[in-house]
1. For the stretch 62-100, what are the residues that are of a type in the set (Val, Ile, Thr) and touching a Leu at 6+ places or on another chain (Cβ under 9 Å)?
2. Hey, among the residues in the stretch 103-141 that are outside any strand (DSSP E or B), exposed (fewer than 12 other Cβ atoms within 10 Å of the Cβ) and not aliphatic (A, V, I, L, M), which one's modelled with the highest pLDDT?
3. Confirm whether THR73 is surrounded by 14 or more Cβ atoms within 10 Å (Cβ to Cβ), among the polar types (S, T, N, Q) and without any contact (Cβ under 8 Å) to a residue 24 or more places away in the chain.
4. Could you list all residues from the stretch 59-69 that are of a type outside the set (S, T, N, Q) and either closer than 13 Å to ALA201 by Cβ or in contact (Cβ under 8 Å) with a residue 24 or more places away in the chain (or both)?
5. So, of the residues in the stretch 172-216 that are in contact with a strand residue (DSSP E or B) (Cβ under 8 Å, 6 or more places away or on another chain) and either closer than 22 Å to PHE88 by Cβ or not in a loop (DSSP other than H, G, I, E, B) (or both), which turns out to be modelled with the lowest pLDDT?
6. Scan ALA91, ALA43 and give me the residue that is part of a helix (DSSP H, G or I), among the aliphatic types (A, V, I, L, M) and over 23 Å from ILE184 (Cα atoms).
7. Being within 20 Å of LEU77 (Cα to Cα), surrounded by fewer than 14 Cβ atoms within 10 Å (Cβ to Cβ) and of a type in the set (A, V, I, L, M): is that true of VAL185 here?
Amino acid sequence: MLAFAYSAYAGDPAARAATQSLLLASVQPGVEAAMRGSPLPEAGLLRSVNERYNAYRWVSDVALWGEADYWATPLELQARGAGDCEDFAIAKYFHLRRLGVPESRLRLMVAGLLRGPRISFELHMVLIYYATPESDPLVLDNVTPDIHPLSQRGDLVPRLAFNREGWWSMQTGIAQVRSGPVPIVRWHGLLARVEAERLAALAVAPGQAPAPAAAR
């Protein structure tokens, strides 16, 4: 995917422009206004970003990438136009960070999802948002268009949550901070690929200042 985005059309100005458009992908009008310095309340940002990424098609990793479990970057999600639960949750996380929502309020959560009349159980990923450290987090989930507090999502069985600051055990129903790096290899690999894309985007669009470290 990165070869497609950054090098395959290096000598074609039209292709470079199209790639730049993808790298600097547009957002919904309400979110775009927030990016221009007229921010919506965070509740509005959550709704806009949730709706944006829930509009993508769900396709399994095997069908899309030929792998059992692949975590796509937001750019890869946009380029393919499809993804699965972790791709949507990850894209929402990075988009809200780019809009200035503090890292401390956002966590990716791995949970069991109970669904169907026979109550099948599958691993699932969502984005959760804490208005305050003690609040009942809101859940941004691709399986429902609505944003509900975690306490109202009886179909989710939390396991752990994480962001760039650390990770939390969720198995008791209460977030318990854990020391050490996030114990998920794919997360660290994803962060490295996102940073590579950020640097490539700057090369495609020279003159733009690098994003502040807090937004990366």
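1. Of the stretch 62-100, the ones of a type in the set (Val, Ile, Thr) are 62, 73, 90.
THR73, ILE90, listed by residue number.
2. Ranking the candidates gives SER104 first.
3. Judged against the criteria, THR73 is not a match.
4. Taking the stretch 59-69 and keeping what is of a type outside the set (S, T, N, Q), we get 59, 61-69.
Hits for the stretch 59-69 are VAL59, ASP69.
5. Across the stretch 172-216, the extreme among qualifying residues is ALA175.
6. When all the criteria are applied, what remains is ALA43.
7. Against the criterion (within 20 Å of LEU77 (Cα to Cα), surrounded by fewer than 14 Cβ atoms within 10 Å (Cβ to Cβ) and of a type in the set (A, V, I, L, M)), VAL185 qualifies.
Per-residue answers, yes or no, for (1) among the aliphatic types (A, V, I, L, M); (2) in contact with a Phe, Trp or Tyr (Cβ under 9 Å, 6 or more places away or on another chain):
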| position | (1), (2) |
| --- | --- |
| LEU138 | yes, yes |
| ASN142 | no, yes |
| ILE147 | yes, yes |
| LEU156 | yes, no |
| GLU165 | no, no |
| THR172 | no, no |
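The values are calculated or read from the model by the stated rules, or taken from the named source; none is laboratory data. Just so we're clear, the structure is a prediction, and the values are computed from it rather than from any experiment. Quick reminder, even Gly has a Cβ in these numbers, built from the backbone with ideal geometry, and neighbours come from all protein chains shown.
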